[in-house]
Each structure stands twice: as structure tokens, then as C-alpha cells.
Amino acid sequence: MRVEHLEKFSSEVATRYGISFPASSLHAQDVICHPLERTFDILVGNPPWCNFCDLPSEYKEQLKPYFVDYGLVPSTRAALLGSSRVDLAALVLKAVIEKLLVDGGDGYFFAPLSLFCGDGAHIGFRDYKTKSTYFAAREVVEFTSAKVFEGVSTSYAAVYFRRGERQSFPVSYFRAGQTGFRRLKAIPLRDSCDPWRIMEDESRDTHADIASIKISSRQKPRQGVNTCGANSVFIFDSHPDFIDPKYVFPLATKELWRPDSRARAKNNPKKWIFLPYDSKAGKPLASSELKQILGYEYLSQFQSQLRQRKGTLLNSAIGRGYWWALLGVGRYSFAPFKVIWEAYGNKTFEPIVVGSCNGMPWQANQAMQAFIPCWTQADATRICEELRNPAVSLLLEQLNGQGKCNFAQPGKIRKILSIGESVGMSGSSSEQTRLKV
């Protein structure tokens, strides 16, 4: 925030509400790196909403130690991997509660809902601790349909925090609608650091009603294949006859979830994807193998483009010479059956079972779909039927992801599964989520 922003704020508050803030209580400075040497009884604010990975490179380096110090990421290296999705607002909130708020003081902030309802990246915020004390979110007002900030697509809320108080549940939760605010309650999925479920204020917790859905460790839910910006190279609208067919796979599209077109789509895919991988090992083909397959000449003409793709894990593979590598590909990708569902932006959860088309197993498409790999049709059918339990759909609705990008992503589905050891599989008993080369 710059000085002119403070002047505009003071002017607008005075005009609209007749309130004059004392100049000594308004400051423009970096509250993370250069906090004030004083504390306040009440703080009001709107911290920046942007992910760590979207910050300027120089500022990233400056902030990395603070993300670690405040427990938001386990290490500076983690800030470059999955934890790069941590929102800057999480760090600002922890910093101002630690440095600027008196013990027992109150903070009122606008904040992205992902801090409470997002999975994975914000577990570090949901320990509800700063470096020296605890804090609690006491009340949340969600603005889903009643917009405070025009042109903002991020889901957000106004949150009331209390410093020096341990987090307890349920949290009073209000959701804005066309007829006013509904009073709801928020409780974590299981552990206190889990994403929140938003429920009717008087409703009974039905999470325990969901029978434990058992899968082996090699069946952990996965996102689909990610080309990292190279869809035009690897994905085709019709089967590419100029590529060896044992490296071309049917790619799931929305037609698979339309009852009127499902049977036809299973036998006549709308999309195909080229995976230059050893399907048994789940690894990219070696350079010598790649040069022997039909399609190498096609792929080689895009070598410069493929080498320029971004991403820490992908760049590590490219640096070792695997410029044709993709993300989200492992032995699990080539399982003969998959329980697959639309994971992004949906409001209904509909898992289905897919097998193969012309002997080639179906592939899920990036974050649009997620899946559980299965090695027998009977196992796939069992898992699919158990996931179709209406209580699972209700749980996803409570997790506040309907219509959002995290609606039914793998991490969220994992939390309702009972994951055991792998059996009957040669080699390692588990699959890593990292790119394997």
C-alpha cells in the first residue's frame, strides 16, 4: 500500500461513514519485512491476494525465510514445489497478528477462502499459530454472490480473528445470498488443520456415515496428464497415424459423462494423447528408444518449444535430457481400469469406470479430471459404487468447492479414503507423485 492509497481510504471513509481515522494509526509499509515497532488493539485490513509463485523473483527470495519461519512451508525448497500455491495473504495475516496485534486483540480482514477451504497448500496456515502465540478465526462472512469487490473471481470472506486464543469449532459462518445472510457453521474435515466443511447450523455431522472406502497405496487418486503448456504437441482430435499406436492413448472428455453419448464416446474418443513413455516402468522413453519409434521426427521438430516449458519438476527432467517428459505420468497411468471423475469446476460428483479403447487405457486430462487406478474391473466397480454414496457428494458440497477449481481434486478425495499397503504388484509398493525419470 502506498501513501496515496491511505489518503484515498481516509477520504472515502470520512465521506461515506463520517469517521476520521487518526493519522498515527495509518501506515504504508511492508508489514512482513519491516513491521512497525508498536501494537494495536484492533486491526482492519485487506491483505494482498496472490500466490507465492506469482510474486516477482527478487521478492520471492526475500520472503522465502518468512514463509518457513511462520510455518507456512516446511523449507525454502518446498516454496518452489507444491507449496508455491500458498497465498501471500496467509503470510501477511500471520505476520500482523504476531507483530502488530496485542494479546487478546481483534483483527478484521478480507481473505481468500482458500485459507480455510483449500487443500494442501494452506495446511500451514491452519495450525492457527504464529511464531510465539495462537490465534483463532471466530467468525467468517462469505461473499459468494454478494460482491464486495467488482471484477474479482477469487472466493473470499471477511474474517474476525482473535490473538492469543486457541482455535475451536464450530466457527460461526455466514453466507451472503439474494435474500440476506444464512447462518451456518464450519468444522474441519477430520483434523483441526483440515479444510473446513460448511454445514447448516443445526445439522448433524454425517461424515462418520460414510463407510471407509478401502484402496491400496498404489491406487492413490491422481490428476490427469499435464503437458505443461504443450497440448498442441501431444493432444490430437483424431488418432495420429504417423505415431506408433502403442504410444497413443484415448483422452477423457466431457462426452464420457453424458449418458446419451457415453457408450459412443468410449468406442470413439474425441481426443487422443501421445505419451512417449515405457508403460511398464511409467518412465519417459530413453533417448535411444525414442529415436526408434514412429513419431520421433514429428516430436523432434518441437524440441525447442518443449525445452522452454516451465515448472520446477519438469525443468529437472528437461535438464537431464528428457525434453519430451510430461507431468502426472507413472505406472498408475497405464492401469487397465480407472475410476475417473470430473474434478474441476463441477457441482456434481459422478465417478465412472473406464477401461481401454482398442487395447489402450484411457487417460485423464490434466486438472480437469482425476482418477483412481485399478488393475481389475471388479475392484474398479466396487470403488466406483462406494464413491457414488450420496454422503460423498454431500461431503464435497460441505467442503465448499462446488463450481470451483478444487471441487473434487485428488487431495480432497484422498481424505475420505482408507489407504493401505499395495499387494500383488511387482517392484515398489507405492507410487510417488513426482515426475519419474
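Miscellaneous remarks
- Residue ID - modelled with the lowest pLDDT, chosen from residues in the stretch 129-151 that are surrounded by fewer than 18 Cβ atoms within 10 Å (Cβ to Cβ) and farther than 20 Å from residue 181 by Cα: 151
- Top-ranked residue in the stretch 305-359 [being among the β-branched types (Val, Ile, Thr) and either under 29 Å from residue 399 (Cα atoms) or outside the structural domain of residue 400 (by TED's automatic domain parsing) (or both); ranked as surrounded by the fewest Cβ atoms within 10 Å (Cβ to Cβ)]: 348
- Set side by side, the residues 255, 289 differ, and just one is part of a helix (DSSP H, G or I) and within 28 Å of the chain's Cα centre (by Cα), which is 255.
- Residue match in the stretch 262-277 (condition: closer than 21 Å to residue 362 by Cβ, in a loop (DSSP other than H, G, I, E, B) and hydroxyl-bearing (Ser, Thr, Tyr)): no
- Test: residue in the stretch 12-30 that is in contact (Cβ under 8 Å) with a residue 24 or more places away in the chain, under 24 Å from the mean Cα position of the chain (by Cα) and either closer than 30 Å to residue 151 by Cα or surrounded by 17 or more Cβ atoms within 10 Å (Cβ to Cβ) (or both): no
- Residue check: residue 247 meets all listed conditions (1) closer than 21 Å to residue 332 by Cβ; (2) in contact with a helix residue (DSSP H, G or I) (Cβ under 7 Å, 6 or more places away or on another chain) but one, namely (2).
The values are calculated or read from the model by the stated rules, or taken from the named source; none is laboratory data. This one's a predicted model, so the numbers in the text were calculated from it and none came from an experiment. Here the Cβ is made from the backbone with ideal geometry for all residues, glycine too, and neighbour counts use every protein chain on show.
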